[in-house]
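Enquirer: Okay, here's the structure, questions in a sec.
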Amino acid sequence: MATSLLLVILSLLPCILGLGQIPTISFTQGAIQLAGGSSIATLFLGTDDYPGVQRAGADLQADFGRVTGKNISVKTIALTAADTSPSSGPVIIVGTIGKCKLIDTLISSGKIDVSKIQGKWESFQSQIVADPMTGLASALVIAGSDKRGTIYGIYDVSEQIGVSPWYWFADVAAVQQSQIYALDTVKTQGPPSVKYRGIFLNDEQPALTNWVNQKYGGYNSGFYVQVFELLLRLRANYLWPTMWDSMFSLDDTKNPQLADSYGIVMGTSHTEPLMRSTKEQSKYMSGSWDWKGNKNNIVKFLTDGAKRNKPYENLWTMGMRGSGDTASPTLTADLLADVIKSQQAILSSTISSNLSSIPQMWCLYKEVGGYYESGLKVPDDITLLWSDDNNGNMQRLPIPSEVNRQAGAGVYYHFDYVGDPRNYKWINTISLEKTWEQMHLTYERGAREIWVVNVGDLKPLEIPISHFLDMGYDMSLYGSPESTQTWISQWATREFGAKVSAATASVVDRYGMYANRRKYELLDSSIYSIVNYDEGDTVLKQWEDLVADAQAIYDSLSTAAQPSFFEMVLHPSKAGYILHQLYVATAKNALYAGQGRVTAATQGDIAVKAFAADAALATTYHQLLGGKWNHMMDQTHIGYTYWQQPDRNNMPKLTYPASNTQKPPGVAVDGGSSTKALPQMDRYGPKSRWVDIYSASNSSSSFTVTTDPWVIATPSTGTLKTPGSAADQRVLISIDWEKAPNGTSTSQIKVVAGSTTATVSLPLLNTQIPSDFSGFVESDKTISIEPEHYTSATSSSSVSYGIIPGYGRTLSGVTLFPAMAATQSPPSSPRSTYNIHVFTATTASITVHLAPSLNTDSTRPLAYSISIDDATPTKAQYVPVTKLGTLPNTWTESTKNAGAQYTTKHAVTAGSHVLNLWAIEPGVVFQKIVVDLGGVRTSYLGPPESMRV
């Protein structure tokens, strides 16, 4: 019935602005006209309700003004349903159960039934109520189970009328509406899927700190109230404040008071126990941060923090690391147990003797996890906060013996990080599909008490923050692997409108894949091959097309909508394109200079212009909206040499050949062979190869290309003209297979350019597959497969394979569902199969590309099995088991490459075969399969997918 009702409501509305939520607002028709009628609507709030509710009510008042041009009026009343309404026009009644007399009398009189939300965490109910008060025919009533439940109910209306949670932090313009109606539907929302959902402002220097200092003069309440409001509009409730050169509770004493008033649960980072910041440790504590040698002073220091923050709603960080978020040289498991015992004693004596009533968490981060795994006992009333590897791959999740812990488990996740293998803190490089896969696994494994994500400077990460928090609020909407695409489309509709939502969603989704292939800080000129598979040019063309698509959308938007689109979509697209242009041009400059090409200078010029364009784009961002976001792009990102950021962006080194007026033209070939041998061609591979003829001097030269009749060179004649881009000529080589010799042969391509004569060899294989074969065909001694293109995928009554669209570096991921599936047992367990046809009998090296996931349960390490035909499956455990707190020796390369790889050997004969692939554990995500029969060449993304007939 609920689904049918939702479909009916959806059919009435031009677009739904509340992401994934049941709509209660229409712009065309409904039960009560809230705006655009003969009178302005009035919002009733209870005089005894929470200050945060009343403040959010004032936001709703202003939100109506943002959408319609007229604010609604607000009345704070102490009336009940028996009293006469102070307004006869359209009314919205908002209140918290037990705090608003009007809501309580509506309940007691039977006019609203709140049994589904009463006593629940952060829940609300909205509905049209007839005769709620004397003199009032009807009203939209929003009742909250608690403070934040009511606040979320208020902001639910704000979002649905068209005010984005990012209206201030990303300048999303509200679409003007002349009429707003409340629909006659009962909406019950909550409790949220995850109890505490929030962000960590971290690694905040230089961008965020420089911006805050200029705009607010420091991390004071002027800044933080903007963050509090954003979080509540995003239906979050939890914040770790900035930590490196600030003290939340002391920089502005209004900070903790306002957080509590707004309704934000405050915490501190994993390394800052009992609400004492890192800076406070050095400024206000006697002695060193060393439990072994300075316990008494640390206890006093922590006790003072507990007393100071007692009046407010907090989630208390427990435990200890070394000073400044480092491993302690003196802590042991026994000492950590004493730390926790002492901290709980502080809370018991300062806050409440009932420790179970005090929210507490201990983040088992890095080496601390090793102590836990070695037997350190954590009290059952402390939530275990498991961490990822700082790069979005969970290291540990609850195992069966932990799922029933009283305080449960949570996760500390990263969209930003400072540390090995490189910092990534400039702009968004997050794959939303990867976030979904990891957080879906997290949720299914029972880590549902806390989700907190490191968001660095906040500003450049609007999209992944929204996605993360939406999942934490209502994971029931995100149970399928296709849900990410649905979410992106809904997000694009809310922010920019239905007309451009499909195009915007495409740009955002592609951007996430392209940017996540390799963090920007890890890019250099060596990453993408410029001689094999046309990889560098292909990647650059993808970015170029992305920018063109984003620019077209931007140009179609209203002036009011353009700033937000620039900030969240166009800027990162352009920034990514410029950086890839810089490095591809630098790579070509080095190669061409080594060859003596005069166009090495042309590529150098492209690189120099790209470096300048990067700086100019940052300036454009800083000047946007009168400089509102000045400094937000201060983060350096070009010229890393190790994990830490460079002091400034550094132009890559360029090389120029010595000027020469006599040097004859040169020839280079596809694949980069020094002997001028092209990669093999056949009917099932690329339609063409290339031969570059280039000038090595400042004089012009004519050229001719001659070869066998079945080899077609385009163009076969021409002139190299210098200076300029015409100093190079790329000749495309294709084959007329009906004329080519059958079987194997080698054609010779003669190139004459000026005084240069060169012979390029081209091996050919002219054969055909059986007419009844369907599957992937070898070409150039290679078969490359996107795993979603399986011939078949078997399933059992409890397990099946699913496709995660967009997850990976080239197309998608394939993994086992459900996430709680048992360990599988090949060959009897479900498999995916791929028909392949092989021409080259050999021992093949089969490399499987996988997600860079880690073993979240050491007793069930990630592994797959693979076989050719009916051979015994070969098991591949591609993630070594390590002690918690340490990372496997494969981690660095997997993290850099945004993917793991593992290679096994298999004997194959010429002919048709079946490649079988089994995932042994859920969490194994297949992203590419490359069968190397002796022809695979070096590249970052691997060979493009082979022909599938």
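Please treat every number below as a calculation from the coordinates, not as lab data. Quick caveat: nothing in here was measured; it's all calculated off a predicted structure. Note: ideal-geometry Cβ built from the backbone for every residue, glycine included; neighbour counts use all protein chains shown.
Enquirer: In degrees, nearest 10, range 0 to 90: what is the angle between the Cα axis of helix 432-444 and the longest Cα principal axis of the chain?
Expert: 50
Enquirer: Same structure, new question: Sort 590-602, 422-434 by the packing proxy (mean of other Cβ within 10 Å over each peptide's residues), most packed first.
Expert: Numbers: 590-602: 20.5, 422-434: 25.8.
Packing order, densest peptide first, comes out as 422-434, 590-602.
Enquirer: So what's segment 507-626 giving for Rg/Rh, alpha carbon basis, Kirkwood Rh from the mean inverse pair distance? Walk me through the intermediate numbers first.
Expert: On the way: Rg = 15.5 Å, Rh = 15.2 Å.
Value, to two decimals: 1.02.
Enquirer: With a Förster radius of 22 Å, plug the Cβ-Cβ distance of Lys341 and Glu373 into 1/(1 + (r/R0)^6) and report the FRET value to the nearest 0.05.
Expert: Working: r = 20 Å, r/R0 = 0.90.
Efficiency for this residue pair is about 0.65.
Enquirer: How big, on average over all directions, is the shadow cast by the Cα convex hull of segment 703-763, in nm²? All intermediate terms of the calculation are to be shown ahead of the outcome.
Expert: Numbers: hull surface 16.9 nm².
Here the figure is 4.2 nm², rounded to one decimal.
Enquirer: Tell me, rounded to the nearest percent, the portion of alpha carbon pairs in segment 887-949 spaced more than 13 Å apart. Walk me through the numbers before you get to the answer.
Expert: On the way: 1482 of 1953 pairs.
Of all Cα-Cα distances in segment 887-949, 76 percent exceed 13 Å.
Enquirer: If you don't mind, another one. Which parts of segment 158-179 would a label at Thr28 reach, counting a residue when its backbone N lies under 15 Å from a point 7 Å out along Cα-to-Cβ?
Expert: Backbone N within reach: 178-179.
Enquirer: Report the extension gain between Asp605 and Thr661 in nm, rounded to one decimal, defined as 0.36 nm multiplied by the number of residues separating them, less their alpha carbon distance. Please report the intermediate quantities before stating the final value.
Expert: Working: separation 56, 0.36 × 56 = 20.16 nm, distance 2.09 nm.
Extra length available between Asp605 and Thr661 comes to 18.1 nm.
Enquirer: Another question about this same structure. For the ranges 560-571, 355-366, what's the packing order if you count other beta-carbon atoms within 10 Å of each residue, average per peptide, and put the highest first? Kindly include the intermediate steps, with their values, before the conclusion.
Expert: Details: 560-571: 22.1, 355-366: 20.3.
Most protected by this proxy first, the peptides run 560-571, 355-366.
Enquirer: Now for a separate question. Rg(Cα) of segment 51-103 divided by 2.2 N^0.38 Å?
Expert: 1.21
Enquirer: Taking the mean number of other Cβ atoms within 10 Å as a proxy for protection, how do you rank 327-340, 651-664 from highest to lowest?
Expert: On the way: 327-340: 15.9, 651-664: 13.7.
Top of the packing list down: 327-340, 651-664.
Enquirer: If you don't mind, there's one more thing I want to ask. Report, in cubic angstrom per residue, the convex hull volume of the C-alpha atoms of segment 738-788. Spell out each step's value before the answer.
Expert: Working: hull volume 6.7 nm³, N = 51.
Value for segment 738-788: 132 Å³ per residue.
Enquirer: Using alpha carbon centroids, what distance separates segment 378-456 and segment 223-252, in Å?
Expert: Cα centroid to Cα centroid, the span is 20 Å.
Enquirer: Segment 706-832: D in µm²/s via Stokes-Einstein (Kirkwood Rh, Cα pairs, 25 °C, 0.890 mPa s)?
Expert: Diffusion coefficient, whole number: 124 µm²/s.
Enquirer: Pull out the extension gain between Arg948 and Thr744, defined as 0.36 nm times the separation in residues minus the alpha carbon to alpha carbon distance; nm, one decimal.
Expert: Details: separation 204, 0.36 × 204 = 73.44 nm, distance 2.20 nm.
Going from the current span to full extension adds 71.2 nm.
Enquirer: Turning to a different aspect of this structure: Given q = 0.10, 0.12, 0.14, 0.19 Å⁻¹, what are the Debye log10 I(q)/I(0) values for segment 776-932, with equal point scatterers placed on the Cα positions and solvent ignored?
Expert: -0.34, -0.49, -0.67, -1.22
Enquirer: Rounded to the nearest 0.05, what FRET efficiency do Asp113 and Thr134 have when you use their Cβ-Cβ distance and R0 = 30 Å? Walk me through the numbers on the way to the answer.
Expert: On the way: r = 21 Å, r/R0 = 0.71.
After rounding, the FRET efficiency stands at 0.90.
Enquirer: Further question on the same structure: So if I place +1 on the C-beta of Lys and Arg and -1 on the C-beta of Asp and Glu, and nothing else carries charge, what would the dipole magnitude of segment 192-286 be about its Cα centre? I want it in debye, nearest 20.
Expert: Details: 9 positive and 9 negative charges, 57 e Å.
For this selection, approximately 280 debye.
Enquirer: Given the pairs Lys300/Lys883; Lys609/Lys663; Lys434/Lys459; Lys295/Lys883; Lys687/Lys750; Lys721/Lys781, which are separated by over 26 angstrom at their Cα positions? Each step should come with its number before you reach the end.
Expert: Numbers: Lys300/Lys883 34 Å; Lys609/Lys663 28 Å; Lys434/Lys459 21 Å; Lys295/Lys883 29 Å; Lys687/Lys750 20 Å; Lys721/Lys781 37 Å.
Cα-Cα > 26 Å for Lys300/Lys883; Lys609/Lys663; Lys295/Lys883; Lys721/Lys781; rest within.
Enquirer: Let me ask something else. Over segment 8-156, what number does the Rg to Rh ratio reach, with both radii from the alpha-carbon atoms and Rh per Kirkwood?
Expert: Values: Rg = 14.5 Å, Rh = 15.4 Å.
With Rh from the inverse mean 1/r over Cα pairs, Rg/Rh is 0.94.
Enquirer: In the neighborhood of Glu229, defined by Cβ-to-Cβ distances under 11 Å, what is the net charge if each Lys or Arg adds +1 and each Asp or Glu adds -1?
Expert: Neighbour charge sum, excluding Glu229 itself: +1.
Enquirer: Would you calculate the volume per residue, in Å³, of the smallest convex hull containing every Cα atom of segment 411-494?
Expert: 100
Enquirer: Given the C-alpha centroids of segment 315-376 and segment 162-218, what is the distance between them in whole angstrom?
Expert: 32
Enquirer: Net charge near Ser246: determine it from the other residues with C-beta under 9 Å of the C-beta of Ser246, scoring Lys and Arg +1 and Asp and Glu -1. Intermediate values should be presented prior to the final figure.
Expert: Details: positive: Lys279; negative: Glu204, Asp245, Asp251.
The answer is -2.
Enquirer: Let me ask another. Taking 0.36 nm per residue of sequence separation and subtracting the Cα-Cα distance, how much length would be gained by fully extending the chain between Asp869 and Ser825, in nm to one decimal?
Expert: Between Asp869 and Ser825, full extension yields 14.1 nm more.
Enquirer: Measure nothing fancy, just the Cα-based angle from helix 147-161's long axis to the longest principal axis of the chain, in degrees from 0 to 90, nearest 10.
Expert: Around 60 degrees separate the two axes.
Enquirer: Also: Got a sec to turn the phi values of segment 284-292 into Karplus ³J(HN,Hα) couplings, 6.51 cos²θ - 1.76 cosθ + 1.60 with θ = phi - 60°, whole Hz, x for Gly and Pro?
Expert: With the stated coefficients, segment 284-292 comes to 10, 9, 7, x, 8, 7, 9, 4, 5 Hz.
Enquirer: Students often forget the sequence filter, so: which aspartates and glutamates lie under 20 Å Cα-Cα from Lys116 once same-chain residues fewer than 8 apart are removed?
Expert: Asp104, Asp146, Asp156, Asp184, Asp474
Enquirer: Output the 0 to 90 degree angle, nearest 10, between the alpha-carbon long axis of helix 333-350 and the longest principal axis computed from the alpha carbons of the chain.
Expert: Helix 333-350 sits at roughly 30 degrees to that axis.
Enquirer: Using a Förster distance of 22 Å, how high is the FRET efficiency between Thr938 and Thr759, based on the Cβ-Cβ distance and rounded to 0.05? Don't skip to the end; give the middle numbers.
Expert: On the way: r = 25 Å, r/R0 = 1.12.
The formula returns an efficiency of 0.35 here.
Enquirer: Which lysines have a Cα less than 18 Å from the Cα of Lys120, not counting those fewer than 8 places away in the same chain?
Expert: Straight-distance partners of Lys120: Lys99, Lys147, Lys187, Lys195.
Enquirer: Here is a follow-up. Out of all DSSP beta bridges with both ends in segment 775-860, state the antiparallel percent to the nearest 5.
Expert: Values: 9 of 11 bridges.
Of the beta bridges lying entirely in segment 775-860, close to 80 percent run antiparallel.
Enquirer: Hey, what number do you get for the chain at 222 nm if only DSSP H runs of n ≥ 4 count, each worth -39500 (n - 2.57), divided across all residues, to the nearest 500? Spell out each step's value before the answer.
Expert: Values: 21 runs with 276 residues, N = 949.
So the helix-based figure for the chain works out to -9000 deg cm²/dmol.
Enquirer: Which value, in Å to one decimal place, does the Kirkwood hydrodynamic radius take for segment 326-417 when every pair of different Cα atoms is included?
Expert: On the way: mean 1/r = 0.0704 Å⁻¹.
One over the average 1/r among Cα pairs gives 14.2 Å for segment 326-417.
Enquirer: What does the charge add up to near Asp146, with Lys and Arg as +1, Asp and Glu as -1, over the other residues with Cβ less than 10 Å from its Cβ?
Expert: +3
Enquirer: Hey, rough spin-label estimate for Asp545 and Asn698, points 7 angstrom out along Cα→Cβ, what's it come to in nanometres?
Expert: Going by the 7 Å Cα→Cβ label model, 4.0 nm.
Enquirer: Need one number: the % of Cα-Cα pairs in the chain sitting beyond the 52 Å mark.
Expert: Numbers: 114118 of 449826 pairs.
Roughly 25 percent, once rounded to a whole number.
Enquirer: Hey, which aspartates and glutamates would be in cross-link range of Lys292, C-alpha to C-alpha under 19 Å, not counting anything within fewer than 8 residues on its own chain?
Expert: Glu272, Asp325, Asp334, Asp338, Glu367
Enquirer: Still on this structure, I have one more. Treating only the Cβ of Lys, Arg, Asp and Glu as charged (+1, +1, -1, -1), what charge dipole size does segment 2-189 show about its Cα centre? Round to the nearest 20 debye. Numbers along the way, then the final one.
Expert: On the way: 12 positive and 14 negative charges, 11 e Å.
Charge dipole, segment 2-189, about its Cα centre: 60 debye, nearest 20.
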